[in-house]
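The values are calculated or read from the model by the stated rules, or taken from the named source; none is laboratory data. Quick caveat: nothing in here was measured; it's all calculated off a predicted structure. Methodologically, a virtual Cβ is constructed for each residue, glycine included, from the backbone with ideal geometry; neighbour enumeration extends over all protein chains shown.
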Amino acid sequence: MAATAPLAADRVPADSRPPGRRRRSGSRHDSQTRRDRLFSINLALPSILLLGFAQIWPMFQGITYSFQKGVMAKPSQGWVGLDNYRTVLNDPAFWDAVQFTIVFTIGGVVLSYALGLLLALALVRNIPMRGFIRVGLILPWVVPPIVGMNSWRWMLQDQAGAVNQVITFFGGEPIFFFNDPDMTVLAVIIAKAWRSFPFMLVSLMATLASLDDTILEAASIDGANSWQKFWRITFPQILPMSAILWVLMTIWSVNDYETPYLLTNNSANARNLMIYTFDTSIFGINGLGVGSASAVITLAVLGVLAYFMLKLQRAGGNDR
């Protein structure tokens, strides 16, 4: 039997319009795309200008002031080169602030992550009143800092504080949290962890809820205990998100001004880089210049941390 000849409709190209009409259609599409792009830029332009005025311009001014002599009332009194940076780096108070910032940051990140992870592992399961417990645990995150820190300050008072009342009730000696430098650092770290662990909790709960349970079920059948399942299966899967949380919380801790300031009433035992920069900018013959130099140094550290956070985010996105 002879093969059936192809139908005429089968031989017609997908786009049978004349070339001129196709070019006009493509030109109209490109013109519409350009108009949409310009419209989007016009919508975003006010926000870009506001961002530049509110953030980029003050940052540029701060960098400029760091090379000048000046005070708040009279910012620019002449260029001094790197003298302000030398003053900051030779100031023992600056290195005390650096030391406190490092201890405060590491302690706060470790403790808040540990609390958030333990609670996330518990609340990701179906337990009674899980929703009510979640809401209660998130409250420290939404409480205004001044309210939260004043509450902690009241609880940690030397004699009338709730913590020392409990300690003395059981026969112990009261702890002077705000007189002993080591106890002051511990108190600030605990208060910081209390403020920060809800963010860790919410982020880790979302990550744990997205994991595949079949691997854990297979490990249980093979005889793995709870610790083995967590360390070898669960933790490697939440590690990318955990790394991002560590870096992000480190940035926030370095930038945290209100926790040590409000809790200790600007005690000399709890002065981080933010408090040092603020106090230096207000007081001193060349306060604005030296304070700006301290701020630029802190900005450089935060920039490095932000770079690592972006690298971790990209690595996590590539893994997915």
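Side notes on the structure shown:
- Residue within the stretch 236-256 that is within 18 Å of residue 116 (Cβ to Cβ), part of a loop (DSSP other than H, G, I, E, B) and not basic (Lys, Arg) present: yes
- Tally of residues being free of Cβ contacts under 8 Å to residues at least 40 places away in the same chain and either of a type in the set (Phe, Trp, Tyr) or farther than 18 Å from residue 180 by Cβ (or both) across the stretch 257-273: 2
- When 275, 244, 285, 251 are screened for being out of contact with any helix residue (DSSP H, G or I) (no Cβ under 8 Å at 6 or more places or on another chain) and among the aliphatic types (A, V, I, L, M), only 285 passes.
- Within the stretch 121-130, the presence of a residue that is closer than 22 Å to residue 189 by Cβ, touching a Leu at 6+ places or on another chain (Cβ under 8 Å), modelled with pLDDT of 90 or more and surrounded by 10 or more Cβ atoms within 10 Å (Cβ to Cβ) is excluded.
- Taking every residue in the stretch 132-156 that is under 13 Å from residue 261 (Cα atoms) and pairing it with any residue that is among the small types (Gly, Ala, Ser) and not in a loop (DSSP other than H, G, I, E, B), at least 6 positions away or on another chain, the pairs with Cβ-Cβ distances below 6 Å are 152/191.
- Evaluated against (1) β-branched (Val, Ile, Thr); (2) surrounded by 13 or more Cβ atoms within 10 Å (Cβ to Cβ); (3) modelled with pLDDT of 90 or more, residue 71 falls short on exactly one condition, (3).
- When the stretch 157-201 is filtered for residues that are among the hydroxyl-bearing types (Ser, Thr, Tyr) and more than 22 Å from residue 258 (Cα to Cα), only 168 remains.
- Test result for residue 292, more than 13 Å from residue 101 (Cα to Cα), among the polar types (S, T, N, Q), assigned to a helix (DSSP H, G or I) and modelled with pLDDT of 85 or more: yes
- Close pairs (7 angstrom Cβ cut-off, 6 or more residues apart or separate chains): within 21 Å of residue 256 (Cα to Cα) and at pLDDT 90 or above in the stretch 82-101, of a type in the set (S, T, N, Q) and not in a helix (DSSP H, G or I) anywhere: 97/272; 100/272; 101/272
- So residue 238, is it farther than 23 Å from residue 63 by Cα, surrounded by fewer than 19 Cβ atoms within 10 Å (Cβ to Cβ), at pLDDT 85 or above and not aromatic (Phe, Trp, Tyr): no
- Verdict on residue 134 being modelled with pLDDT under 85 and either closer than 23 Å to residue 101 by Cα or of a type in the set (Lys, Arg) (or both): yes
- Breaking point among (1) over 23 Å from residue 272 (Cα atoms); (2) part of a helix (DSSP H, G or I); (3) charged (D, E, K, R), for residue 195: (1)
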